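Read the figures in this text as sums done on the coordinates, not as results from a lab. Just so we're clear, the structure is a prediction, and the values are computed from it rather than from any experiment. Here Cβ is always computed from backbone atoms with ideal geometry, including for glycine, and neighbour counts include all displayed protein chains.
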Amino acid sequence: MTWKSIGIFDSGVGGLTVLREIMQALPQEDTLYFGDTARVPYGTKSPETVTRYAGEIASFLVKRDIKLLVVACNTASAVALPSLKRQLTIPVVGVIEPGARRAIEVTRTGRIGVIGTTGTIRSSAYTRAIKRLKPDAEVLTRACPLFVPLAEEGWVDNHVARLTAQTYLQELKEAAVDTLVLGCTHYPLLKQMIADVMGPGVNLVDSAEETARTVAAILADKKLLRPRAEKGNHNYFVSDIPAGFVRVGNRFLGGKLGDVFQVSLDEEEESI
Ligand code: DGL
């Protein structure tokens, strides 16, 4: 019996935070990861552009016969999820609902901070998702666009990262949020720094774990889980030269990044 893979995409290396959790929760599953490194960042682009990019990547992965698609990018989840769900027949899982669910579970005071890219914060997708689950929650948001290049560059624990985090997080800290959603797949790379700046007593929510649980539940429900005794293979595609992705990705996955192939969506793919 041949088993299909789980498709996962992000604008770059950040979605590996979600892949890592999926690999931990479902070690038997094959995965195909796409990082759109030629067009990162998505967070500064218009919803129309991000939706088009997401459609092209979904088309690329669906042609490789995946059984489920994980949109491991907050910006793409915030703006392109409805269109992907409409157009694909396989289950599509985003990262925003799982992150919102987790935030509601861990908050004590109902004062929840959300940080993300400009596109994610502007979309209000997190605020809507949190308020749907807990209408009396107080949601404070802040775009932190410079965190993305810092994470891509691997500058996660130096003084530049600290000063940037202090500047961005000052208001949320003063507003005494007790929970902070890392609403961008790159931000878990800066988790330690963000935790230091926010101080003790603030829960940091990273949607990756919760997203992996959602993927496992859907596959179990649809009887699409591979037997536990199998060992998953992991393939990586990027749209620019792989060097930077390999460097940061390997550090992030603890040196376990497999082969990375550069592909050109322009030449072979049409958007769905
Ligand atoms: N992956 C994006 C996100 O989670 C961050 C990087 C970008 O702006 O493309 O929002």
Helical contribution to [θ] at 222 nm, DSSP H n ≥ 4, -39,500 (n - 2.57), averaged over the chain, rounded to 500: -14000 deg cm²/dmol
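Applying 1/(1 + (r/R0)^6) with R0 = 22 Å to the Cβ-Cβ distance of Arg228 and Thr2, what FRET efficiency is obtained, to the nearest 0.05?
Given R0 = 22 Å and the Cβ-Cβ separation, E is 0.80.
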Phi-based couplings in Hz for segment 129-142 (Karplus 6.51, -1.76, 1.60; Gly and Pro marked x): 5, 5, 6, 5, 8, 8, x, 8, 5, 9, 10, 10, 10, 7
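At a threshold of 8 angstrom on Cα-Cα distance, excluding pairs fewer than six apart, so keeping six or more, what relative contact order does the chain reach in percent?
Reported as a whole number, the value is 28 percent.
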Separation of the Arg162 and Ala38 label points, Cα + 7 Å toward Cβ, nm: 4.0 nm
16 Å cut-off, amide nitrogen to a point 7 angstrom out along Asn235 Cα→Cβ, residues in segment 20-56: 29-35
Reachable lysines, given that their alpha-carbon falls under 22 Å from the alpha-carbon of Lys4 and they are not under 8 places away in the same chain: Lys63, Lys67, Lys85, Lys222, Lys223, Lys231, Lys256
Gain on full stretching of the segment that runs from Thr89 to Asp259 - 0.36 nm per residue minus C-alpha separation: 58.3 nm
